[in-house]
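I have placed the structure first, in the form of structure tokens, so that the comments after it can refer back to it.
The values are calculated or read from the model by the stated rules, or taken from the named source; none is laboratory data. Keep in mind it's a predicted model, so treat the numbers as computed, not measured. Glycine gets a Cβ as well: all are built from the backbone with ideal geometry, and neighbour counts include every protein chain shown.
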Amino acid sequence: LRLAVLASGRGSNLQAILDAVACGRLDARIAGVFSDRRSSQALERAREAGVPATAVSPKGFASRALFDEHLFSLVDAVHPDLIVCAGYMRLISDAIVATRTGRMINIHPSLLPAFKGLHTHEQALQAGSTEHGASVHYVTPELDGGPVIAQARVPVQADDDAARLGTRVLDREHPLLVATLQLFASGRASLIDNRVYLDGQPL
Ligand code: GRF
């Protein structure tokens, strides 16, 4: 499975993928890492692992559509089977998403459909949730609204603040993302008519 990974920041999810590939737990190859931020630690992590890493700043592009067209022309050039948004913090234009249905996934730190968008740990605490977690889902034009492939759950503890809760979720994100990618690597997951199929059965 050839992967292209998009990341904006710290890149700990990228690191989990790199480590899983390196030790043979994931039958995949990262063909390229792409970031919208030159300062992203994800770029360093990629280069350290010998993976080509490219930053494209949105500055200098007249519109989101033009930026995305350029970025995704570079992504397409590495011929990924699957595009993985792992902490990629920019909205992607509908035209790009629509032409990659079933080939682009995202990891989001909440139990979707709960708490879309930003500040999910604050949202969960404010709502008084007793359970929180992370989801891997297909990217569709609706932000954080595409079909969910897999989730990991954590308890919310009485003395949690957003940072503590966020750390507990992040610890689970890494194995969740790797396990989900392995579903793709072994050909077990697919999207048909906007529904997720696992081993040929709808989820
Ligand atoms: C993760 O919580 C991910 O779910 C969210 O952004 C964070 C990225 O963390 N979309 P990292 O850059 O992978 O460390």
Test I17 against the criterion of being within 16 Å of the ligand (Cβ to nearest atom) and either buried (at least 18 other Cβ atoms within 10 Å of the Cβ) or not basic (K, R) (or both), and give yes or no. yes
Tell me, which residue of segment 1-14 that is farther than 12 Å from V51 by Cα and within 15 Å of the ligand (Cβ to nearest atom) is surrounded by the most Cβ atoms within 10 Å (Cβ to Cβ)? A7
Go through (1) surrounded by 17 or more Cβ atoms within 10 Å (Cβ to Cβ); (2) closer than 23 Å to V21 by Cβ; (3) away from the ligand (no atom under 13 Å from the Cβ) and name the single condition T180 misses. (3)
Selection from segment 12-25 of residues under 17 Å from I107 (Cα atoms) and either in contact with a Gly (Cβ under 6 Å, 6 or more places away or on another chain) or among the hydrophobic types (A, V, I, L, M, F, W, C) (or both) yields N13, L14, A16, I17, L18, A20
Out of contact with any Lys or Arg (no Cβ under 6 Å at 6 or more places or on another chain), loosely packed, with under 15 Cβ neighbours inside 10 Å and free of Cβ contacts under 8 Å to residues at least 40 places away in the same chain: is that true of A22 in this structure? yes
So which residues in segment 58-90 are within 17 Å of the chain's Cα centre (by Cα) and of a type in the set (A, V, I, L, M, F, W, C)? L71, F72, V75, L82, I83, V84, C85, A86, M89
Those residues that are in a loop (DSSP other than H, G, I, E, B), under 14 Å from the mean Cα position of the chain (by Cα) and away from the ligand (no atom under 13 Å from the Cβ), I need them from segment 94-113; list them, please. G102, R103
Of all residues in segment 48-77, how many are of a type outside the set (K, R) and outside any helix (DSSP H, G or I)? 14
Within segment 10-27, identify whether any single residue is at pLDDT 95 or above, assigned to a strand (DSSP E or B) and either of a type in the set (V, I, T) or at positive phi (or both), and answer yes or no. no
The one condition in (1) within 14 Å of the ligand (Cβ to nearest atom); (2) surrounded by 15 or more Cβ atoms within 10 Å (Cβ to Cβ); (3) of a type in the set (A, V, I, L, M) that L91 fails to fulfil: (2)
Say whether the condition of being more than 15 Å from the ligand (Cβ to nearest atom), under 17 Å from the mean Cα position of the chain (by Cα) and more than 22 Å from V5 (Cβ to Cβ) is met by at least one residue in segment 114-131. no
Condition met for P155 (on the phi < 0 side of the Ramachandran plot, touching a residue at least 24 places away in the same chain (Cβ under 8 Å), surrounded by fewer than 17 Cβ atoms within 10 Å (Cβ to Cβ) and under 19 Å from the mean Cα position of the chain (by Cα)): no
